[in-house]
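Participant: Once you've had a glance at the structure underneath, I'll fire off some questions.
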Amino acid sequence: MLSIPLPFLAGLVFALTLYRSLKGVEVSGTRRYFYAFLVLYALQGIGVGLRFGYGVEALIPFLPVSASLMPPLAFLAFRGMTSKPPPRPWLHFLPPLVVAFAVGFQRDLVDLLLLVVFLGYGVALWRLTMSRGGEVMAEASLQQMLPALRAARLTAVLMLFFALSDATLALYASLYGPGDIPLAVGLMNVIAVAAVSAYYFGPDFSQRRSATPAPEATEEDRGILARVEAALDERELYKNEDLSLAKLARRSGLPARELSAAINRATGLNVSQFVNNRRIAEACRLLRETERTVTGIMLDVGFSTKSNFNREFRRVTGLSPAQYRTQGSAAQSGSAAQKRA
């Protein structure tokens, strides 16, 4: 009976997790890098599993080249979600060409080159996610900015992990032989699956910080805030569930970084929370004045998932939508009874 190698499972789990996290996220230009990265990662897991699980030696020349393609594709995929996509993306395909040349003519350099590629792109992707500017993930919808950011950080961490672990394996094999390499590869992929599972099922604490108005807001910040509010209300832009920071910046006629920083200084909120406040205000009005269902109201004001809507509604009002409607009905009944008395 055939067994399923762990690298296959790790590649499939990671590819599916990224796909679910980034499904529907808009990017500047093309999504082909994102899809190519997901497919290649899954295929790499299959290839490694066949190589170490079933001893398919014919894959040995191809695996280093396909591995060296993954970091550039991942970087291009996530960079496409920012407001500044790379001007010359073709340059990022030079490292795989160098690795392919080394596979054919300088085998001793392959492990070192892979280490450099994975470390370099892992650090570059991590720095991209830590940038202190509103342009990070600006093309993702406001509801997906944080999931996309977490997915990018997970990818960067896994790149760094595989760079260091592969370098360790190469050193171990040179000193003690390749006998224990399949077991080590299995352990590496157990760690990768655990990390992906923790990312996917673990809680997201990124929005649990209390919003505190910043004292350094200027008149210019308040002017920007007025322009953003006008843009949100124009044609009810805030109801667009695909609204992104980049779209809002374009409609406001402002750079994404400047808009994001001004909102944070003037309100103590990030852009997503600021827009969601406007959405929740409209949801509260509809709950008070109409008999529409909570789900219908949720969709009408720009939310696509109940979990996000309920979380943001409770953040703003301290109540669930059902509790808010019940309290509003009770208050109206009490007011009507007082008038009759």
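Values in this text are rule-based calculations from the coordinates and carry no lab data. For clarity, every value in this text was computed on a predicted model and none was experimentally measured. Glycine also receives a Cβ, built like all others from the backbone with ideal geometry; neighbour counts cover every protein chain displayed.
Participant: May I ask for the net charge around E234, where only other residues with Cβ less than 14 Å from the Cβ of E234 are counted and Lys, Arg are +1 while Asp, Glu are -1?
Facilitator: +4
Participant: Name the long-range amide H neighbours of S141: under 5 Å, sequence gap of 5 or more, or other chain; modelled H, no Pro or chain starts.
Facilitator: E26
Participant: In nm, give the distance between the simple-model label positions of R235 and E282, each being 7 Å from the Cα along the Cα-to-Cβ direction.
Facilitator: Spacing of the two 7 Å Cα→Cβ label points: 1.3 nm.
Participant: Grab the other residues whose beta carbon is less than 15 angstrom from that of G47, score K and R as +1, D and E as -1, and report the net.
Facilitator: Within the 15 Å Cβ shell, the charges total -1.
Participant: Output wanted: per-residue J couplings in Hz (rounded whole) for region 55-62, from phi through Karplus 6.51 cos²θ - 1.76 cosθ + 1.60, θ = phi - 60°, x for Gly and Pro.
Facilitator: With the stated coefficients, region 55-62 comes to x, 7, 5, 5, 7, 3, x, 8 Hz.
Participant: Under 13 Å from a point placed 7 Å out from the Cα of T295 along the Cα-to-Cβ direction: which residues of region 308-323 have their backbone N that close?
Facilitator: Label zone hits: none.
Participant: Next question, about the same structure. Can you pull out the chymotrypsin sites (Phe, Trp or Tyr not before Pro) in region 30-134 whose DSSP state is coil and whose Cβ has at most 16 other Cβ atoms within 10 Å?
Facilitator: F62
Participant: Shifting gears a bit: How about region 274-304: which trypsin sites (Lys or Arg not before Pro) there lie in a loop by DSSP and see at most 16 other Cβ atoms within 10 Å?
Facilitator: R292
Participant: So how do 138-144, 255-261, 226-232 stack up, highest first, on mean other-Cβ count within 10 Å?
Facilitator: So the order, starting with the most tightly packed, is 138-144, 255-261, 226-232.
Participant: Now, a different point. Run through every distinct alpha carbon pair of region 59-110 and return the Kirkwood hydrodynamic radius in angstroms, one decimal place.
Facilitator: Radius from the Kirkwood sum: 11.9 Å.
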